[in-house]
Structures are given as structure tokens and as C-alpha cells.
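Data first, discussion second: the structure below is written as C-alpha cells.
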Amino acid sequence: MVRVSTTPRRVAAALVLVTALLVAGCSEAGQRPSAGPASAPVTEPAPPSSVPPEDPATLAAALVAELADEDLVGQVLMPYAYGDHATKVSAGSAAGNRTLAGVDTPAEMIEKYRLGGLILVGFSADDPTQGNQETTNVDNPKQVRGLTTGLREAAGRLPAGVAPFLIGTDQEYGVVTRITDGVTMLPSALGAGAAGDPDLTEAAWRAAGTELTAMGINVDFAPVADVLVTRSTVIGSRSFGSDPERAADQVGGAVRGLQTAGVAATLKHFPGHGHSAVDSHKDLPRLSQSRGKLAAEAWPPFTAGIEAGALAVMSAHLDVRSVDPGVAATFSYKLLTEVLRGELGFQGVVITDGMNMPPARRFPPGEAAVRALKAGNDLILMPPHVGQAYEGLLTALRDGTLPRSRLVEAATRVLTMKFTLGDTPAPQLSTLGAPAHREAANALAAGAVTVLRGRCDTTGVRGPVTVTSSGGRAHTRAALTEALTSAGVKVVPSGGTVVHLVGYGDGANDLRADAAVTVAMDTPYVLARAKSATLLATYSSSRASMTALADVLAGKTRPAGRSPVKVPGLPRTTCAD
């Protein structure tokens, strides 16, 4: 696969070109003519001879100049849908789609609203974002590949169908991972931060991107570029750590890995959700830091991701008091246009966080979509009612509330990203779980294991081991038991050296006083309360992380990780640098 990227020069050139084309081809009153049948072919005007015809920005500009108002509006919407198939859904899913969009199936939703993309959703018990995931349409890779194929077939019949359809999901790895069965699971971002090697991160995320592409997904709402300066449960191990420069290096590696595999990376959540412990899935967090502090502490990973060529940035529902007090960043022109574009130089697609989250639902769906677009967003994600968002944008366009130039700019950016991604054949599903992919995940997981108490050369356990955990982690205990057995360590149900696992959501009450070894599989803060002689952190409960942990406990490898966050009373590592 060829690395995908775009440049400010190309995007700017596209916007100039599309303006000229619109002036030359607009109907009376400066409006594009209404669209014909959804299956009407699109005739692309010849681009200027000075620009290669295959240039994504040029293709985008030419297509935008031919699209009707309805198609332009559709291109900036990326809702979710109910059902695990494009055209055949259960009665319950059909009812959900009728409430959401007035249609029965995802394919009908695409056709009716001429959509530019769709997000695939799902959640797990440990997922801090599950509050705004009202449905699930991911099960296994074969099902996802069938769904995405059907979605693309529906989109291909639209006037904008010459451009690849955007299909995104939140595949961050760690607690926010939509597709978990049958794929290579990487350790969490915090685990990558502990390993501290951007090359390992890039290789692992390249493997992940290849597998996403095989399933028909071309946009990943990852990596998380938030710097973890608070004990945020909503960001937590989704972040690469608390050091902005080290996190920046990791973000750059993840972006390069994904986009080399043909998947658009999305930096989130700008301007920095790690600077508040409040969950924006429930309320509007307030960032009280000064503008200078945010520039120094929160924005370096976003800058690094932009410099690495990230095609998208996700705006956040955050109230940044020092920049635009009382206005969520989602709706802030100052933050998205003046800071993100003007100061940080980002020229790609700005995507809202879920518009079905409470801070965005303070406005009706149509008004919220218009406000978000005028602030500088290009793609409206997960509106709570697709029809109302669509009609709100169309009405605002026609009555002048939404400047046509802003909609044209947004649609041009979205289509430029589409043409940049291209429509190359997806790899076979057999590439999922390939040995090279597992090796990349294992290498990253091995580099993450950290000893926060105990000597590096004495972390191996002697005698039989008994694996315990906080409640509900039978699957993880089984994975570690299997890995320990493979590493030559005998595991017994009781009476052995106790290795106790704690993970997402666990606190002091979930610790075990008699454990010889306590292992943190999410953020390591809980280890400050643990009494075990040996404290380890994997930051992740993935199979790769359990294998890496088993090798450390068996004395086969030395734990080389360094905690990416400060745990009170404990060092970043007891191992010498």
C-alpha cells in the first residue's frame, strides 16, 4: 500500500479551483441545480492542464462543481445506522433506522440522504464511550466485510459515487475497540507510550490498518492525541501518556502506520480531552488552563500528527475558557478555524465528535449541524436525527444562514480525502491475524511491560502460580494462564504464588493483600495502593500483553517499559535506563 497524505497547497488549490468552477457553472441566484435521479452519471470537467488529472484535490474540486445542493449536504454527514447488513436488517433494526432517518436499512439511508460516509459502532462493558453507542453493527470480520461491501454498492449509485465512500470506526485498541474478534489486537495507546519506541508503534498500527482495509474500513477514529494530565477515566489508557513530546512521537508513528496501509488517521480530541477529568459523553468539560499552557502541553501531539500527514482531526465537546469561554470547541470558530487551521496549519478534514452526545444535543440536530459546519467542521458525525440534520443544513444553505462557500469548502475537503485514500482493492480477509501482524503487536506489548516495584532481575516467579483478578475477567485470566503454561510456568487453581490482575475501572477495593505480584492492565494509578512486593503494568489486557507478561513472570524477558504517567509514591520504572 502507498502512504496516503495531503498537503495544504493541494487543498488550497482545490478550493480556488472549485470557486472558479462554481462561478462559471452556477444557476440563477447562485445555487446549484437540484439533483436528478441518484443513479445519474457524473461527468467530470477536464482539470487544468497544469495539474495532473489524478490529483485528489483537483478531482474533488471538479466533482463538487457538478454536485447539487442535496449532494453537497450529504457529503458532510456521517451518521450511524442500525443493522449488520446493508439491505437486510431485523425488525428491531428497521424500527431504529426509521426513528433515526425515516428509512428501514443502512443502504436506504445512504440513498435518501446522499451520504458521504457511515460510522460502524459497537461497544464492550469496559468501554467509556458506550453511553452514546445506541446500537452495534459489528460482529466479526466476515460480517463487517459483507456490510461494508453493501454500503459501498449503495453509495456507488449516487452522483458523488465516483469518489470512495467513507466507512469509519473507533478502532483505538484497548478499551475502545469496536471489532475485537478475529483481528490482531494491539496493546493500548498507554502501553505504546510505555514502550516508547515510535518505530514499534508505526509497525503495529500499519498491521492494524491493513486489517481494517481488509474489512472495508478506510477511516479510523484514532489515534488519541490527548495528553493525559488528569486521572481521566474517559481518556485514561486511550492516551499515549502525560509527556506531550513523548506522546507526540507516538502519535506520529500511529498516523504513519495507519495511512501507509490506506486508512485515514483521525487525531482526537482537539483541543485536548486529557486536560479534563469530566466525561463529555455526560456533560461539557471545562478546560481552565491558559492558552499558553494548552499550546505547550496539549497541542504538540496534534502538531506531530498533522506533520505526519493525518487526514483528519476530531473536534471535541470541550469548553476552553482561555480561548472561547462558554462555547464547546465543536462550535467554536476561534478554536477550529483560527487555532487548528490558522495556528497549527491543519488543512485536512475536521470531524465532529458524536453529535448525539449531551453537549451537542443542547441544540436541535439541524441547528447543531449548521453551527458545527460554520465553526470549521467538515464532517458531522453521528447526528441524533439524520433527516433533521440534513434538512437543517439544506435550509440554512438556501436562506443564506450557512454560506455556500463554507459548505463547498467542507465538501471539497471531504472529497479530497476520499480521492486521496483511493479505491484500491481490499486485501483478503486471510491477512487478519497474519504472523507478521502478531509479531508487530507482540513486540509492542513486550516493550510496554513495566516494573514499578521490585528489581528487574527478580520479577520471575518461583513455583506454581495462581492467577486471580477483580471480578469479570475470566477471559483475561485464561489468556494469562495459557501464556504462562506455554512459557513453562505451572499454574494451579489455588495455593500458588498469587499473581493478581486489575484493570479498567478497578480501585483499591479490587486489590488483593496477599498477592505476590499485582499487575495493572489499564492506567497504573491503582498500584499506589497495592502492597505486593512486585508491581507490574501492562496497560492492556490483550492477548499480546498477557503473553508479554507471562514471559516476564517466567524470567524469560526483562521488563523494559517506563510508565507514561506518574504514579504517586512509585518510580516510572525500577529498571536502569
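The values are calculated or read from the model by the stated rules, or taken from the named source; none is laboratory data. Everything numeric in this text was worked out from a predicted model, so none of it was measured. Glycine also receives a Cβ, built like all others from the backbone with ideal geometry; neighbour counts cover every protein chain displayed. When the accessible area is computed, the model is the full protein with side chains, heavy atoms only, and any ligands, DNA or RNA have been set aside. Shrake-Rupley method; radii C 1.70, N 1.55, O 1.52, S 1.80 Å.
Computed values, structure above
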quantity	calculated
Contacts under 7 angstrom Cβ, first residue in the range 500-515 being surrounded by fewer than 21 Cβ atoms within 10 Å (Cβ to Cβ), partner among the hydroxyl-bearing types (Ser, Thr, Tyr), 6 or more apart	Asp506/Ser470; Asp510/Ser470; Leu511/Thr518; Arg512/Thr468
Residue, most open to solvent (accessible area, probe 1.4 Å), within the range 180-196, restricted to residues that are of a type outside the set (A, V, I, L, M, F, W, C) and within 17 Å of Arg438 (Cα to Cα)	Asp181
Every pair of residues 6+ apart whose Cβ atoms lie under 8 Å, when the first sits in the range 138-149 and is over 16 Å from Ala107 (Cβ atoms) while the second is buried (at least 18 other Cβ atoms within 10 Å of the Cβ) and among the polar types (S, T, N, Q)	Val138/Thr169
Qualifying residue in the range 377-387 (condition: at pLDDT 95 or above, open to solvent by 20 Å² or more (accessible area, probe 1.4 Å), touching a helix residue (DSSP H, G or I) at 6+ places or on another chain (Cβ under 9 Å) and not in a loop (DSSP other than H, G, I, E, B))	no
Complete set of residues in the range 235-273 that are hydroxyl-bearing (Ser, Thr, Tyr) and not in a loop (DSSP other than H, G, I, E, B)	Ser237, Thr260, Thr266
Of residues in the range 340-370 being among the small types (Gly, Ala, Ser) and not in a loop (DSSP other than H, G, I, E, B), the one surrounded by the fewest Cβ atoms within 10 Å (Cβ to Cβ)	Gly342
Criterion: modelled with pLDDT of 95 or more, surrounded by 24 or more Cβ atoms within 10 Å (Cβ to Cβ), under 19 Å from Leu311 (Cα atoms) and not charged (D, E, K, R) - qualifying residue of Thr337, Thr330	Thr330
Pro403 vs. criteria under 24 Å from Gly96 (Cβ atoms) and open to solvent by 10 Å² or more (accessible area, probe 1.4 Å)	no
Residues of the range 459-473 that turn out to be out of contact with any helix residue (DSSP H, G or I) (no Cβ under 8 Å at 6 or more places or on another chain) and within 17 Å of Thr538 (Cα to Cα), as a count	1
Some residue of the range 184-199 being part of a loop (DSSP other than H, G, I, E, B), more than 27 Å from Leu318 (Cβ to Cβ) and among the acidic types (Asp, Glu)	yes
Residue within the range 94-110 that is of a type in the set (Asp, Glu) and at pLDDT below 95 present	no
Residues of the range 528-542 classified as among the hydroxyl-bearing types (Ser, Thr, Tyr), in contact with a Lys or Arg (Cβ under 9 Å, 6 or more places away or on another chain) and within 13 Å of Ala446 (Cα to Cα), total	1
Answer residue from the range 419-473, given it is among the hydrophobic types (A, V, I, L, M, F, W, C) and in a loop (DSSP other than H, G, I, E, B) and is farthest from Val526 (Cα to Cα) among those	Ala426
Close pairs (6 angstrom Cβ cut-off, 6 or more residues apart or separate chains): part of a loop (DSSP other than H, G, I, E, B) in the range 83-95, open to solvent by less than 80 Å² (accessible area, probe 1.4 Å) and among the hydroxyl-bearing types (Ser, Thr, Tyr) anywhere	Gly83/Ser93; Thr87/Thr105; Val89/Thr105
Residue check for Gln250: crowded, with 24+ Cβ neighbours inside 10 Å and not aromatic (Phe, Trp, Tyr)	yes
Hits in the range 166-179 - residues which are open to solvent by 10 Å² or more (accessible area, probe 1.4 Å) and more than 13 Å from Leu212 (Cβ to Cβ)	Gly174, Val175
Residues of the range 432-460 that turn out to be open to solvent by 80 Å² or more (accessible area, probe 1.4 Å), within 29 Å of the chain's Cα centre (by Cα) and over 14 Å from Ala208 (Cα atoms), as a count	0
Any hit, the range 538-547, residues being in contact (Cβ under 8 Å) with a residue 60 or more places away in the chain, surrounded by fewer than 18 Cβ atoms within 10 Å (Cβ to Cβ) and within 31 Å of the chain's Cα centre (by Cα)	no
Pro198 touching a residue at least 40 places away in the same chain (Cβ under 8 Å) and under 19 Å from Arg246 (Cα atoms)	yes
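To keep it simple, each residue is scored yes or no on (1) aliphatic (A, V, I, L, M); (2) surrounded by fewer than 20 Cβ atoms within 10 Å (Cβ to Cβ); (3) within 22 Å of Gly309 (Cβ to Cβ).
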site	(1), (2), (3)
Gly209	no, no, yes
Ala222	yes, no, yes
Ile235	yes, no, no
Glu245	no, yes, yes
Gln259	no, no, yes
Gly262	no, no, yes
Pro285	no, no, no
Lys293	no, yes, no
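Each row is one residue, and each column tells you yes or no for (1) open to solvent by 40 Å² or more (accessible area, probe 1.4 Å); (2) closer than 20 Å to Ala194 by Cα; (3) modelled with pLDDT under 95.
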| residue | (1), (2), (3) |
| --- | --- |
| Arg413 | no, no, no |
| Thr424 | yes, no, yes |
| Ser430 | yes, no, no |
| Arg462 | yes, no, yes |
